[in-house]
Amino acid sequence: MEQENGRWGIWIDVEGFSNLWSAGDQALRGIGQLTSLIFAIGRKCYSRDGERLFAHQMGDAFYIASDFHEESLDRCAALAVMLMRGMTEIGCVARASIAEGDMADYSGCRPREVQTEAHRNGDADVVSLGDGLMTLQSVMGQGLINAVTLDKLTNTKGAILTIAASNAGRLSPGFVTRALAEAPGIISIDWVHSTSERFDEIVERTRLPNPTSGTLEQRLRDYVVEHGLQPKWSDPTFRYAGLDA
């Protein structure tokens, strides 16, 4: 699944988006919050060549890729943790997975007539269907495939942050990890209790909040109660975030 020397990538989505959508405006607030967090970190923290980010929205999710391969995965994991924590500020939670692989713009592989229409319209990702529109996705690749596949292989519900166990040695000791009982070869990163200098770096540059572990624990418990979530969701969420059941 992993691709040697590939760029790291984070697949992150608003957990329970469809249920939130049917319940009111929380789904839109959730994707708005996630978008805002990524924008702030990309503009204020990691904006320079070499450390810049490439973020691509796909429905209620984003795929965020690095500029180059990085031997340490601390920056990637810290970014994912801060996004997970930031979502709780508005009463939402997220789910994320980390993997590696190349990304590319595949718009040149589209049918010639579609490319011609896109060029005529002056927008590479939107083409006319008469009075209608076709919106296209131009970026994809092995990195995205690997991250989404990793998430599916967890066989675990909940607001969890996962990475291949083979990459555990590329994280600093401050990142607390636990093996997934349901998926050998995959580990969770405790996004509630992990510590890293990278968190401080992001907070210093962006002024985003970094709530205490106690606050995050309470927000998770409140989220479960508010949405009436069953143990099949809450138990793994609490377990892999280091909370007592």
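Of all residues in region 103-116, at least one satisfies being under 28 Å from residue 190 (Cα atoms) and either of a type in the set (S, T, N, Q) or outside any strand (DSSP E or B) (or both). Checked against (1) in contact (Cβ under 8 Å) with a residue 12 or more places away in the chain; (2) over 17 Å from residue 157 (Cβ atoms); (3) open to solvent by 50 Å² or more (accessible area, probe 1.4 Å), residue 199 meets all criteria but (3). Across region 95-138, the number of residues qualifying as β-branched (Val, Ile, Thr) and farther than 26 Å from residue 17 by Cβ comes to 3. Scan region 205-234 residue by residue and report those that are surrounded by fewer than 17 Cβ atoms within 10 Å (Cβ to Cβ) and in a loop (DSSP other than H, G, I, E, B). Across region 205-234, the qualifying residues are 207, 209, 210, 211, 212, 228, 230.
Applying the condition of being closer than 21 Å to residue 161 by Cα and of a type in the set (Gly, Ala, Ser) to region 82-124 and asking which residue is most open to solvent (accessible area, probe 1.4 Å) yields 91. Exactly one residue among 217, 197 is out of contact with any helix residue (DSSP H, G or I) (no Cβ under 8 Å at 6 or more places or on another chain), assigned by the TED database to the domain that holds residue 75, over 29 Å from residue 103 (Cα atoms) and of a type in the set (D, E, K, R), and that residue is 217. The set of residues from region 131-149 being part of a helix (DSSP H, G or I), closer than 13 Å to residue 54 by Cβ and aliphatic (A, V, I, L, M) comprises just one member, 144. Considering only residues that are open to solvent by less than 40 Å² (accessible area, probe 1.4 Å) and either within 19 Å of residue 158 (Cα to Cα) or part of a helix (DSSP H, G or I) (or both), which ones fall in region 34-55? If the condition is that a residue be open to solvent by less than 40 Å² (accessible area, probe 1.4 Å) and either within 19 Å of residue 158 (Cα to Cα) or part of a helix (DSSP H, G or I) (or both), then 34, 37, 38, 40, 41, 42 are the ones that fit. I'd like to know if region 3-10 contains one or more residues that are on the phi < 0 side of the Ramachandran plot and exposed (fewer than 15 other Cβ atoms within 10 Å of the Cβ). Yes, region 3-10 has at least one match. Against the test of being assigned to a strand (DSSP E or B) and either hydrophobic (A, V, I, L, M, F, W, C) or modelled with pLDDT under 95 (or both), the options 202, 163 yield a single qualifying residue, 163.
Residue 58 passes every criterion in (1) over 16 Å from residue 11 (Cβ atoms); (2) open to solvent by 10 Å² or more (accessible area, probe 1.4 Å); (3) among the hydrophobic types (A, V, I, L, M, F, W, C); (4) in the same structural domain as residue 160 (by the TED database) apart from (1). When you check residue 168 against the structure, is it assigned to a helix (DSSP H, G or I), in contact with a Phe, Trp or Tyr (Cβ under 6 Å, 6 or more places away or on another chain), at pLDDT 95 or above and among the small types (Gly, Ala, Ser), yes or no? The answer is no for residue 168. For residue 67, work out the one condition from (1) touching a Phe, Trp or Tyr at 6+ places or on another chain (Cβ under 9 Å); (2) open to solvent by less than 10 Å² (accessible area, probe 1.4 Å); (3) assigned to a loop (DSSP other than H, G, I, E, B) it doesn't fulfil. With (1) touching a Phe, Trp or Tyr at 6+ places or on another chain (Cβ under 9 Å); (2) open to solvent by less than 10 Å² (accessible area, probe 1.4 Å); (3) assigned to a loop (DSSP other than H, G, I, E, B) applied to residue 67, the lone miss is (2).
The values are calculated or read from the model by the stated rules, or taken from the named source; none is laboratory data. Bear in mind the structure is a predicted one, so any value in this text is a computation, not a measurement. Positions of Cβ are backbone-derived with ideal geometry, glycine not excepted, and every protein chain shown enters the neighbour counts. These area figures cover heavy atoms from the full protein model, side chains too; ligands, DNA and RNA do not enter into them. Shrake-Rupley method; radii C 1.70, N 1.55, O 1.52, S 1.80 Å.
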